[in-house]
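Enquirer: I have a structure I would like to understand better, so I am pasting it below and will then ask my questions one at a time.
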Amino acid sequence: MDVFHFEVIQLLIKKQVGMMENYELVIGLEVHVELSTESKLFCGCSTRFGAEPNTQVCPVCSGMPGTLPVLNKKAVESAVKAASALGCGVEEVSIFARKNYFYPDLPKNYQISQYERPIASDGFLMLDGRKIRIKRVHMEEDAGKLIHSAGESGPSYVDLNRSGIPLIEIVTEPDLKSSSEAETFLNNLKRILEYLEISDCNMEEGSLRCDANISVRPRGESRLGVKTEIKNMNSFKAVRKAIDYEAARQVSILSKNGRISQETRLWNESIQVTEGMRSKEEAHDYRYFPDPDLMPVYVTGQMCREITESIGELPLERKERFVREYGLSEYDASSLTSRKKVADYYEKVVSGKINPKAAANWIMGDLMALLKEHKTEIDSSPVLPGYMAELLSFTEDGRITGTTAKDVLSECFATGICPGDIVREKNLLQINDQDLITGTIREVLENNGKAVADYRNGREQAVGFLVGQIMRKTGGKANPAIVRDTLLKALKEM
């Protein structure tokens with residue numbers, strides 16, 4: 001698509017914004033989640049990301065004739081855990097099927113998936129007080145990956161490392177009403193899956209992928225419109241933008257009495273448009289039938305109970321508890337519980353009787369900045385939870401200043417030495433000696449006559465300058481509260 005055509009389409013979309021008021025957007029999502037197992041779904045090949053192409057392949061996952069698949073038990077347990085967390089009913093018996101289609105990165109010419117009897121169904125995820133229904137959760141193997149050469153005429157290569165990696169597909173009912181709702185749903189789902197520790201949900205590595213089914217209908221109409229499926233979205237932001245574009249495209253067509261074609265479309269990130277890929281397949285196009293090489297999957301009631309009990313607190317529940325138990329704001333509690341490892345770290349810090357709000361500020365502020373700078377996850381931080389608690393206890397009881405604490409945190413992160421040892425070795429304890437502070441103030445006032453005159457002339461900012469000079473003379477160790485009170489008293493007496 002050339003630039004001129006792209007600009008025309010963008011103008012057309014902007015003109016249709018007003019028309020959207022007459023239409024209702026209906027969205028259903030299909031979320032593919034790569035499970036964090038050591039080996040693939042039906043063989044022992046590694047699932048490690050980033051290996052050289054075709055180095056993690058065997059006769060089973062490369063589709064050689066005469067091979068037999070053997071089901072990965074951990075993948076089943078992970079699927080049951082996800083389904084239980086989403087309120088789904090887990091089936092006692094589920095069946096694998098062959099989904100038949102030809103594609104270059106699918107050597108068997110069929111994908112082992114589940115169709116009529118998935119492992120779970122009929123769940124939900126709460127979104128702003130409303131249930132977004134989960135139609136089904138089913139297990140399947142991933143296909144390989146095509147690597148395309150630069151230019152249209154260059155060859156494409158097949159990498160089968162990803163072929164056979166275990167996935168679950170989470171399919172919603174068409175309950176979402178806007179692109180922002182879809183984005184929020186995906187973020188909430190991602191948090192739950194990360195909390196369950198069944199997937200790293202890394203979209204850049206393909207661990208979480210999403211297809212969106214989009215249709216529009218006249219507002220108030222009960223019948224669903226013709227849907228299109230959008231693929232190739234590599235971020236939640238792309239999902240939102242693709243849905244907005246496709247909705248506007250469909251409204252534009254309908255407003256001119258046109259017809260929507262049921263098709264699969266790709267999101268073109270570079271020019272921000274959806275593009276037709278192929279006509280949409282129906283279930284009968286895949287010729288599903290039970291896989292004759294795999295036995296039915298049996299999930300006993302005891303197994304289901306044990307897995308459900310292992311789930312523990314989910315993000316929303318934990319956020320609400322942080323607000324209730326620690327007195328945090330909704331924003332702070334949401335930030336801290338957005339990742340399980342961060343929430344775990346925070347709870348270990350405050351277990352040492354540390355002020356919950358202060359701990360939240362330091363973790364989400366200074367510590368996160370250091371982690372980001374050094375590209376380190378919090379569970380690998382040199383500043384252990386006990387170190388952070390010790391540092392905060394030093395500031396809370398006034399033994400060191402906030403400025404000194406920041407320096408100590410940086411050194412602790414760089415060296416792994418505990419804050420107490422740093423404070424003692426560098427003699428950083430805060431100065432609370434009234435006589436020493438009074439003498440320093442007297443010296444600063446004698447050497448800064450202009451600032452004193454400015455204060456007398458009503459310029460309050462002069463106090464800040466003088467406090468800065470005093471702190472500089474004491475190496476930042478003087479108690480700021482004592483300094484300010486004593487300084488103001490001295491100024492009044494002059």
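Enquirer: Could you pull out the pairs from Lys145/Lys231; Lys131/Lys177; Lys74/Lys131 whose alpha carbons sit more than 22 Å apart here?
Expert: In this structure, Lys74/Lys131 lie more than 22 Å apart at Cα.
Enquirer: Could you give me the percent of Cα pairs per 10 Å distance bin for segment 324-427, shortest bin first, beginning at zero and ending with the bin that holds the maximum distance?
Expert: 15, 52, 29, 4
Enquirer: Would you calculate the separation in nanometres between label points at Arg424 and Glu443, each defined as 7 Å from the Cα along the Cα-to-beta-carbon direction?
Expert: 2.9
Enquirer: Any idea what log10 I(q)/I(0) is at q = 0.12 Å⁻¹ for segment 233-389, Debye with uniform C-alpha scatterers and no solvent?
Expert: For segment 233-389 at q = 0.12 Å⁻¹, log10 I(q)/I(0) is -0.87.
Enquirer: If I fit a long axis through the Cα atoms of helix 315-326 and take the longest principal axis of the Cα atoms of the chain, what angle between them do I get, 0 to 90°, rounded to 10?
Expert: In the chain, helix 315-326 runs at an angle near 20 degrees to the longest axis.
Enquirer: Order by neighbour count: Ile230, Ile378, Ile470, Ile214, fewest other Cβ atoms within 10 Å first, most last.
Expert: Ile378, Ile470, Ile230, Ile214
Enquirer: Follow-up. Full extension from Lys237 to Met126: what is 0.36 nm times the residue separation minus their Cα-Cα distance, to one decimal in nm?
Expert: 37.9 nm
Enquirer: Sticking with this one: Suppose R0 equals 35 Å. What FRET efficiency, 1/(1 + (r/R0)^6) with r the Cβ-Cβ distance, do Glu21 and Tyr101 give to the nearest 0.05?
Expert: The pair Glu21/Tyr101 has a calculated efficiency of 0.30.
Enquirer: Continuing with the same structure: Determine the calculated [θ] at 222 nm for the chain from helices alone, applying -39500 (n - 2.57) to every DSSP H run no shorter than 4 residues and normalising by the residue count; nearest 500 deg cm²/dmol.
Expert: -12500 deg cm²/dmol
Enquirer: In degrees, nearest 10, range 0 to 90: what is the angle between the Cα axis of helix 480-493 and the longest Cα principal axis of the chain?
Expert: 40
Enquirer: At 7 Å along the Cα-to-beta-carbon direction for both Lys256 and His32, put a label point, then send me their distance in nm to one decimal.
Expert: Simple spin-label model gives 3.3 nm for this pair.
Enquirer: Then there is this: Can you tell me the equivalent ellipsoid semi-axes for segment 434-493? Use √(5λ) from the Cα gyration tensor, largest first, whole Å.
Expert: Semi-axes from the Cα gyration tensor: 18, 11, 10 Å.
Enquirer: In addition: Once you have the Cα-Cα distance between Asp200 and Arg305, take 0.36 nm times their residue separation minus that, and quote the gain in nm to one decimal.
Expert: Extra length from Asp200 to Arg305 when fully extended: 35.4 nm.
Enquirer: Which semi-axes, in whole Å and largest first, does the equivalent ellipsoid of segment 37-131 have when worked out from the alpha carbon gyration tensor as the square roots of 5 times its eigenvalues? Could the numbers behind the result be given before it?
Expert: Values: eigenvalues 172, 55, 37 Å².
Three semi-axes, in Å: 29, 17, 14.
Enquirer: Which lysines, if any, have their Cα less than 26 Å from the Cα of Lys450, not counting same-chain residues under 8 positions apart?
Expert: Result set, ordered by chain and number: Lys473, Lys477, Lys489, Lys492.
Enquirer: Calculate how steeply helix 434-447 sits against the longest principal axis of the alpha-carbon atoms of the chain, using the helix alpha-carbon long axis, and give the answer as 0 to 90 degrees to the nearest 10.
Expert: The answer is roughly 80 degrees.
Enquirer: Report P(r) for segment 221-293: all Cα-Cα distances, bin width 10 Å, range 0 to the bin holding the largest distance, values in whole percent.
Expert: 17, 41, 27, 11, 3, 0
Enquirer: Hey, another quick one. When 1/r is averaged over all different Cα pairs and the result inverted, which Kirkwood radius in Å belongs to the chain?
Expert: Averaging 1/r across every pair of different Cα atoms and inverting gives 27.2 Å.
Enquirer: Suppose every Lys and Arg Cβ carries +1 and every Asp and Glu Cβ carries -1, with no other charges. What dipole size does the chain come out with about its Cα centre, to the nearest 20 debye?
Expert: Magnitude of the dipole: close to 1020 debye.
Enquirer: Evaluate E = 1/(1 + (r/R0)^6) for Ser393 and Lys357, where r is the Cβ-Cβ distance and R0 equals 22 Å; express this FRET efficiency to the nearest 0.05.
Expert: Efficiency, from the Cβ-Cβ distance: 0.90.
Enquirer: As a footprinting exposure proxy, order Phe413, Phe102, Phe42 by other Cβ within 10 Å, with the fewest listed first.
Expert: Sorted ascending by nearby Cβ count, the order is Phe102, Phe413, Phe42.
Enquirer: Could you calculate the contour length gain from Arg223 to Ser178, that is, 0.36 nm times the residue separation minus the distance between their Cα atoms, to one decimal place in nm?
Expert: 14.4 nm
Enquirer: Which ordering of Thr47, Thr264 is given by a fewest-first count of other beta-carbon atoms within 10 Å?
Expert: Thr264, Thr47
No value in this document is a laboratory result; all are computed from the given coordinates. As the structure is a prediction and not an experimental result, all values here were calculated from the model. Here the Cβ is made from the backbone with ideal geometry for all residues, glycine too, and neighbour counts use every protein chain on show.
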